[in-house]
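Everything below concerns the one structure shown next.
The values are calculated or read from the model by the stated rules, or taken from the named source; none is laboratory data. Keep in mind that this is a model prediction, so the values were computed, not measured. Every residue, glycine among them, receives a Cβ derived from its backbone with ideal geometry; neighbour counts consider all protein chains shown. Surface accessibility is based on the protein's heavy atoms, side chains included, excluding ligands, DNA and RNA. Shrake-Rupley method; radii C 1.70, N 1.55, O 1.52, S 1.80 Å.
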Amino acid sequence: MAREKIVVAGGSTKSWKLLLGLRIFAFMATLAAAIVMSLNKETKTLVVATIGTLPIKATLTAKFQDTPAFVFFVIANVMVSFHNLLMIVLQIFSRKLEYKGVRLLSIAILDMLNATLVSAAANAAVFVAELGKNGNKHAKWNKVCDRFATYCDHGAGALIAAFAGVLLMLLVSSVSISRLLINSKHLSTTTTVV
């Protein structure tokens with residue numbers, strides 16, 4: 001009994017499963033990055049001055065909302081997670097639909113845009129994290145990570161997850177483009193034969 005090669009959504013079943021797996025991992029990575037960064041908060045009581053022998057203390061809180069780059073990071077990762085979740089649901093439940101032309105092109109474009117979005121957010125957050133870790137002596141910005149180590153460690157974990165999401169979204173985008181190219185070659189050969 002010969003096995004038929006099933007073509008699903010602009011490519012083979014193998015590419016369909018690969019794309020689904022990559023999307024699931026990209027969804028998990030970007031969602032983890034968003035959750036870890038959005039829950040990132042640390043409060044400490046620090047001595048800010050000493051008058052005679054009396055220390056003056058202040059309670060300071062480091063949270064992601066204090067930095068626009070971290071807010072952008074959370075929003076972008078949530079948006080990319082939502083995109084991947086939507087694409088996963090569509091890929092699973094609309095498996096019998098024909099994906100041709102404009103649908104495959106729009107999916108490939110959206111995947112590229114989301115890869116760019118999560119990359120921009122991760123790079124903006126890395127820039128601010130670098131300032132928090134090392135400060136800037138020329139601008140007289142002090143280090144933050146020496147006082148808020150847990151906050152910085154959680155931020156680093158979120159950044160690692162986000163860069164894993166960037167890599168996975170680049171792979172998803174590559175597979176989407178290759179499926180688009182395969183579909184366009186398949187359509188061009190069938191129209192010239194007829």
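List of remarks:
- Restricting attention to segment 124-155, the residues that are crowded, with 16+ Cβ neighbours inside 10 Å and part of a helix (DSSP H, G or I) total 11.
- Inspection of segment 138-155 finds no residue satisfying the criterion of being over 30 Å from Leu46 (Cα atoms), polar (S, T, N, Q) and free of Cβ contacts under 8 Å to residues at least 60 places away in the same chain.
- With respect to the stated conditions, Leu104 fails to be of a type outside the set (S, T, N, Q), surrounded by fewer than 17 Cβ atoms within 10 Å (Cβ to Cβ), outside any loop (DSSP other than H, G, I, E, B) and at pLDDT below 95.
- If you filter segment 29-45 down to residues that are among the polar types (S, T, N, Q) and assigned to a helix (DSSP H, G or I), you find that the one that is surrounded by the fewest Cβ atoms within 10 Å (Cβ to Cβ) is Ser38.
- For Leu110, the criteria (1) on the phi < 0 side of the Ramachandran plot; (2) out of contact with any strand residue (DSSP E or B) (no Cβ under 7 Å at 6 or more places or on another chain); (3) modelled with pLDDT under 85; (4) open to solvent by 50 Å² or more (accessible area, probe 1.4 Å) hold in every case but one, which is (3).
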